[in-house]
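Okay, so here's the structure we're looking at.
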Amino acid sequence: MSGAILYGLAIVGLLYSFAKDRKKTKMAVLKAWKSFANLAPQLLAILMFVGISLAILSPATISRLMGEKSGIIGIIIASVVGSVTLIPGFVAFPLAAALLKGGAGYPQIAAFVSTLMAVGIVTLPTEINYFNKTVALLRNSFAFLVAMIFTVIISRVMM
Amino acid sequence: MNLRRYSFAFVFALIMVGMYFYDHSTGLKAVNITVQNFREMLLFLPPIFILVGLLDVWVPKETMIKLMGEGSGLKGIMIAFILGSAAAGPLYAAFPVAAVLIKKGARLAYVLFFLGAWSSTKLPLVIYESASLGLRFTLIHITVSIAGFLSAAFFIEKMIPARSRELIYEKTRSQEV
């Protein structure tokens, strides 16, 4: 769905740009290609790493580790798994819902989902490339902190 | 194309082959998950890069500074929020967008808040989140995230020395983002 909107936007943008200035459009496409080629090697490695890890860690294992009674330890495991793994949102939320049904607790799911979206350990080298080490480390630390605050609030509200 | 940059990918590919010979089903699963994620990536990454390229070519620096620069105030924050929330795709797809914003003179704190919005209040995902985990859960997530990431953005900006902030701006100018 959102993919189609993005492609639509890009195509309309390209056509409009092309009608206005062919040279500039060519430059834009060239820039797009260069950025993609820049990111591709790292991204490919990241995707493979994630594939390998998720194949080893089954949803059943994850569910056992983040069970309702797993308490603080479960929250810590959930936040570490969330920070390290890279699962597309459209897979992550149904997975989280399934884990919830499978016996995972709300705080554990909150920690998992929020770190999953905002903290990226495997993409950290990529992030450092784009900004610098300090910014990337600080951003991830604060994202982790925000996730933990969210988890604490959820454990108060949803219990 | 520099093949050495693909060495990590090559090592992981070898590991997957090894996994396949050690245990067929786990190996296949690893390949399947990788392919599935790769497809997901192809769904949004190419158009995002095209849009970044167009933005780079067509939006003059002065315009971006007016929209998201130091003096843009609340407008800059709102634009960062809308850009981040309207997005699609995982956070790493936001890095090149953030880099081109910085290149064009957007304020670092606003760009960081843009990343925060992308990682928590993305509209397509919020809809998905509330369908999967409930509205209450999602609303709390959004509220905490906006407050948390907004304060974090300014805090991080403050913690970065002026000189190293300058270096980030120089870096994005010199390289193809």
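The values are calculated or read from the model by the stated rules, or taken from the named source; none is laboratory data. Here the structure is a predicted model, which is why all the values come from computation and not from measurement. Neighbour counts run over all protein chains shown; Cβ positions are idealised from the backbone, glycine included. Only protein heavy atoms, including side chains, enter the accessible area calculation; ligands, DNA and RNA are left aside. Shrake-Rupley method; radii C 1.70, N 1.55, O 1.52, S 1.80 Å.
Would you mind stating whether B:ILE50 is in contact with a Leu (Cβ under 9 Å, 6 or more places away or on another chain) and free of Cβ contacts under 8 Å to residues at least 60 places away in the same chain? Taking the combined requirement at face value, the residue satisfies it. Of the helices (runs of 4 or more DSSP H) contained entirely in segment A:53-159, not one carries at least 2 residues that are under 17 Å from B:PHE149 (Cα atoms) and in contact with an Asp or Glu (Cβ under 6 Å, 6 or more places away or on another chain).
Just to be sure before I move on: is B:ALA117 open to solvent by 40 Å² or more (accessible area, probe 1.4 Å), among the small types (Gly, Ala, Ser), more than 7 Å from chain A (Cβ to nearest Cβ) and part of a helix (DSSP H, G or I) in the structure I sent? Here the answer is no, as B:ALA117 does not meet what is asked. Regarding segment B:32-41, can at least one residue be identified that is surrounded by 19 or more Cβ atoms within 10 Å (Cβ to Cβ), of a type in the set (A, V, I, L, M, F, W, C) and under 30 Å from A:MET27 (Cβ atoms)? The answer is yes, given that some residue of segment B:32-41 is surrounded by 19 or more Cβ atoms within 10 Å (Cβ to Cβ), of a type in the set (A, V, I, L, M, F, W, C) and under 30 Å from A:MET27 (Cβ atoms). Hey, can you tell me all the residues within segment A:104-118 that are without any contact (Cβ under 8 Å) to a residue 40 or more places away in the chain and open to solvent by 10 Å² or more (accessible area, probe 1.4 Å)? Passing the criteria: A:LEU116, A:MET117.
Taken together, the criteria place B:LEU67 among residues that are open to solvent by 50 Å² or more (accessible area, probe 1.4 Å) and within 17 Å of B:THR172 (Cβ to Cβ).
Exactly one residue out of A:LEU57, A:LEU6 is at the interface with chain B (Cβ under 8 Å from one of its Cβ atoms) and open to solvent by less than 70 Å² (accessible area, probe 1.4 Å): that is A:LEU6. For B:LYS75, the stated conditions do not hold, so it cannot be described as more than 12 Å from chain A (Cβ to nearest Cβ), surrounded by 13 or more Cβ atoms within 10 Å (Cβ to Cβ) and either acidic (Asp, Glu) or out of contact with any Leu (no Cβ under 9 Å at 6 or more places or on another chain) (or both). Taking segment B:148-162 as the range and being facing another protein chain (nearest Cβ under 9 Å) and over 17 Å from B:ILE102 (Cα atoms) as the test, the residues that pass are B:GLY148, B:PHE149, B:SER151, B:ALA152, B:PHE155, B:MET159. Considering segment B:1-32, the residues that are among the polar types (S, T, N, Q) and under 27 Å from A:LYS34 (Cα atoms) include one that is modelled with the lowest pLDDT, namely B:ASN2. Per the listing A:LEU86, A:LEU100, the residue uniquely assigned by the TED database to the domain that holds A:THR126, free of Cβ contacts under 8 Å to residues at least 24 places away in the same chain and buried (at least 16 other Cβ atoms within 10 Å of the Cβ) is A:LEU100.
Residues in segment A:13-36 that are facing chain B (nearest Cβ under 7 Å) and under 28 Å from the mean Cα position of the chain (by Cα) were compared, and the one that is surrounded by the fewest Cβ atoms within 10 Å (Cβ to Cβ) is A:LYS34. Scan segment B:121-140 and give yes if some residue there is assigned to a loop (DSSP other than H, G, I, E, B) and without any contact (Cβ under 8 Å) to a residue 40 or more places away in the chain, otherwise no. Yes, segment B:121-140 has at least one match.
The set of residues from segment B:95-114 being small (Gly, Ala, Ser) and either at the interface with another protein chain (Cβ under 9 Å from one of its Cβ atoms) or buried (at least 24 other Cβ atoms within 10 Å of the Cβ) (or both) comprises B:ALA98, B:ALA99, B:ALA106. Total residues in segment B:130-157 satisfying the condition of being more than 13 Å from B:PHE81 (Cβ to Cβ) and under 19 Å from the mean Cα position of the chain (by Cα): the figure is 7.
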